[in-house]
1. Go through the residues of the range 3-11 one by one and say whether even a single one is within 13 Å of the chain's Cα centre (by Cα), surrounded by 12 or more Cβ atoms within 10 Å (Cβ to Cβ) and free of Cβ contacts under 8 Å to residues at least 60 places away in the same chain.
2. Checking residue 69 against (1) part of a helix (DSSP H, G or I); (2) surrounded by fewer than 19 Cβ atoms within 10 Å (Cβ to Cβ); (3) in contact (Cβ under 8 Å) with a residue 40 or more places away in the chain: exactly one of these is not met. Which one?
3. Return only the number of the condition from (1) over 23 Å from residue 108 (Cβ atoms); (2) touching a helix residue (DSSP H, G or I) at 6+ places or on another chain (Cβ under 6 Å) that residue 41 does not satisfy.
4. Restricting the search to the range 46-63, which residues are touching an Asp or Glu at 6+ places or on another chain (Cβ under 9 Å) and either without any contact (Cβ under 8 Å) to a residue 12 or more places away in the chain or of a type in the set (Val, Ile, Thr) (or both)?
5. Looking only at the range 72-104, filter to residues that are basic (Lys, Arg) and not in a helix (DSSP H, G or I); which one of those is surrounded by the fewest Cβ atoms within 10 Å (Cβ to Cβ)?
6. Would you pick out the residues in the range 68-91 that are in contact with a helix residue (DSSP H, G or I) (Cβ under 6 Å, 6 or more places away or on another chain) and at pLDDT below 90?
7. Which one is surrounded by the most Cβ atoms within 10 Å (Cβ to Cβ) among residues in the range 12-57 that are among the polar types (S, T, N, Q) and not in a strand (DSSP E or B)?
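The values are calculated or read from the model by the stated rules, or taken from the named source; none is laboratory data. Here the structure is a predicted model, which is why all the values come from computation and not from measurement. Don't worry about glycine lacking a Cβ; one is built from the backbone with ideal geometry, like all the others, and counts go over all protein chains shown.
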Amino acid sequence: MKELIVRERQVGDVVALDLEGSITMGEDNAMLLGVVHRLLAENKIKILLNLADVRLVDSSGLGTLICAYTMIRRAGGQVKLLHVSRNIQDVMAITKLSTVFEVHEDESTATNEYTLGEQYEIIPYKGELAPEDTPDGKLYAWVEPRKK
C-alpha cells in the first residue's frame, strides 16, 4: 500500500506537487525524488510542495525533502513548501530547516514570489558527534549562509 500520493498540477510557470499521506522511509521517497528529477529534466525548476494532506514526515522524509531541495537548487531552481502542519514546522525549526525552506500558507502568494537565489545552503557533514548530541551520534548536514 502506498504511503504517499503525489498529484502534479501547473500554476502559471510553477509546478505544484500536492502530497498526500506520509513522507517516511520506503519506496515512496524514491518515487517523489523521481518526480522531481523528471520535472528538472523537463526544465521545470519552480516547484511548490503542498503538504496540506501530509500526516507525517520522519527523519528519512526530511532527508528526502533535503535531497529534493539540493537537486532543484543545483538545477538553478527553487522549491517552496505550502500548508506545512504545526508538527512538521516544529521539526523543521528544531533541525534549522526552517531557515532553508521558504514556507507559505497562501498558494497565490507562494507562486507569485519565486525568485532564484537562496540565502542559505546545506553543507554535508562527515564527522562524528558525541552520542548524546543526536540519537545515532551523527550529524548529516547543517545550514549556513551562502557565501557571496
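1. Applying the first criterion (within 13 Å of the chain's Cα centre (by Cα)) to the range 3-11 yields none.
No: the range 3-11 contains no residue that is within 13 Å of the chain's Cα centre (by Cα), surrounded by 12 or more Cβ atoms within 10 Å (Cβ to Cβ) and free of Cβ contacts under 8 Å to residues at least 60 places away in the same chain.
2. Only one criterion in (1) part of a helix (DSSP H, G or I); (2) surrounded by fewer than 19 Cβ atoms within 10 Å (Cβ to Cβ); (3) in contact (Cβ under 8 Å) with a residue 40 or more places away in the chain is unmet by residue 69, namely (2).
3. Only one criterion in (1) over 23 Å from residue 108 (Cβ atoms); (2) touching a helix residue (DSSP H, G or I) at 6+ places or on another chain (Cβ under 6 Å) is unmet by residue 41, namely (2).
4. Selection gives 54 alone.
5. Going through the qualifying residues, I end up with 96.
6. Step one: of the range 68-91, the residues in contact with a helix residue (DSSP H, G or I) (Cβ under 6 Å, 6 or more places away or on another chain) are 68, 71, 75, 79-80, 82.
Selection gives 75 alone.
7. 29
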